[in-house]
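These notes are about the structure you will find just below.
The values are calculated or read from the model by the stated rules, or taken from the named source; none is laboratory data. Bear in mind that the values here come from a model prediction, so they are computed numbers and not experimental data. Positions of Cβ are backbone-derived with ideal geometry, glycine not excepted, and every protein chain shown enters the neighbour counts. Calculation scope for accessible area: heavy atoms of the full protein, side chains included, ligands and nucleic acids excluded. Shrake-Rupley method; radii C 1.70, N 1.55, O 1.52, S 1.80 Å.
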Amino acid sequence: MHPLLWSVMLLRITGPVGRCGDFLPNAQIPGFDVAADTQVTDEPRITTYLCDSTNSQQTAAILSRMRVEPDLIIDDGLHAEDAQIATLKNFYPALRPGGLYVVEDVWPDNVENILEQLKQLDPGCPFFVDRSRGRCFAIVIRRPREESWVRRLLRSLSAGPAPGLSD
Ligand SMILES: C[S@@+](CC[C@H](N)C(=O)[O-])C[C@H]1O[C@@H](n2cnc3c(N)ncnc32)[C@H](O)[C@@H]1O
């Protein structure tokens, strides 16, 4: 039997990596951060990338090189609405079907817009808003394992008419 292997992405790896490493002892952990002082070089299970998570070209280049399907993606980067949305768009497609995507520290006023973007990205995708942690919320999204006919229908409706069919 294979050991359970997780691929986990954190947007910053400093102190919490130790805790994360303890918590997920079999995890391979790629981490992304814009700040050079967050890069880790002495931990075999952790690989860090200097990267702006909101930049689609930078993230696509790194993700295509890594060729992993992470089980868990945690966005604990820039807690601004635009950044959380851009990061979701850049990283969610890389998530393994059945995996979890967590947006940390979402301001209550931003929840609806982020969920609206999620709906466009993956209509019908299940999510949970954790409001238990005080001032800021967390959004936990599960990428469905397989596409049901309902989600296929929602996706086709949200995509609009095929090119050439509109007037
Ligand atoms: C709130 S801290 C989180 C740190 C860490 N997860 C922790 O719990 O201590 C935010 C981190 O996001 C990084 N960051 C800010 N904007 C970013 C961006 N656009 N792309 C990637 N990382 C970013 C910052 O450099 C900082 O290290």
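Return yes or no: is residue 52 open to solvent by less than 50 Å² (accessible area, probe 1.4 Å), charged (D, E, K, R) and over 17 Å from residue 110 (Cβ atoms)? Can you show your working first?
Values: open to solvent by less than 50 Å² (accessible area, probe 1.4 Å): no; charged (D, E, K, R): yes; over 17 Å from residue 110 (Cβ atoms): yes.
Judged against the criteria, residue 52 is not a match.
Test of understanding: among 73, 62, which residue is under 13 Å from residue 95 (Cα atoms), at pLDDT 90 or above and open to solvent by less than 80 Å² (accessible area, probe 1.4 Å)? Full working, then the answer.
Working: 62 fails: under 13 Å from residue 95 (Cα atoms).
None of the other options fit; the residue is 73.
Scan the stretch 90-114 for residues that are assigned to a helix (DSSP H, G or I) and either over 13 Å from the mean Cα position of the chain (by Cα) or surrounded by fewer than 16 Cβ atoms within 10 Å (Cβ to Cβ) (or both) and report the count. Full working, then the answer.
If we filter the stretch 90-114 for residues that are assigned to a helix (DSSP H, G or I), which is where we start, we get 90-94, 108-114.
Right, trim to either over 13 Å from the mean Cα position of the chain (by Cα) or surrounded by fewer than 16 Cβ atoms within 10 Å (Cβ to Cβ) (or both) and you get 93, 108-113.
Final tally of qualifying residues: 7.
Test residue 129 against the criterion of being in a strand (DSSP E or B), surrounded by 14 or more Cβ atoms within 10 Å (Cβ to Cβ) and out of contact with any helix residue (DSSP H, G or I) (no Cβ under 9 Å at 6 or more places or on another chain), and give yes or no.
It is false that residue 129 is in a strand (DSSP E or B), surrounded by 14 or more Cβ atoms within 10 Å (Cβ to Cβ) and out of contact with any helix residue (DSSP H, G or I) (no Cβ under 9 Å at 6 or more places or on another chain).
Would you point out the residue of the stretch 40-69, among those that are within 16 Å of the ligand (Cβ to nearest atom) and in a loop (DSSP other than H, G, I, E, B), that is nearest to the chain's Cα centre (by Cα)?
53
So if I check each of 124, 134, 77, which one is touching a residue at least 60 places away in the same chain (Cβ under 8 Å) and assigned to a loop (DSSP other than H, G, I, E, B)? Please lay out each step first, then the result.
On the way: 124 fails: touching a residue at least 60 places away in the same chain (Cβ under 8 Å); 134 fails: touching a residue at least 60 places away in the same chain (Cβ under 8 Å).
Checking each option against the conditions leaves just 77.
Taking the options 110, 90, name whichever one is farther than 17 Å from residue 32 by Cβ, modelled with pLDDT of 90 or more and within 16 Å of the ligand (Cβ to nearest atom). Quick ask: steps written out before the conclusion?
Numbers: 90 fails: farther than 17 Å from residue 32 by Cβ.
Exactly one residue qualifies, and that residue is 110.
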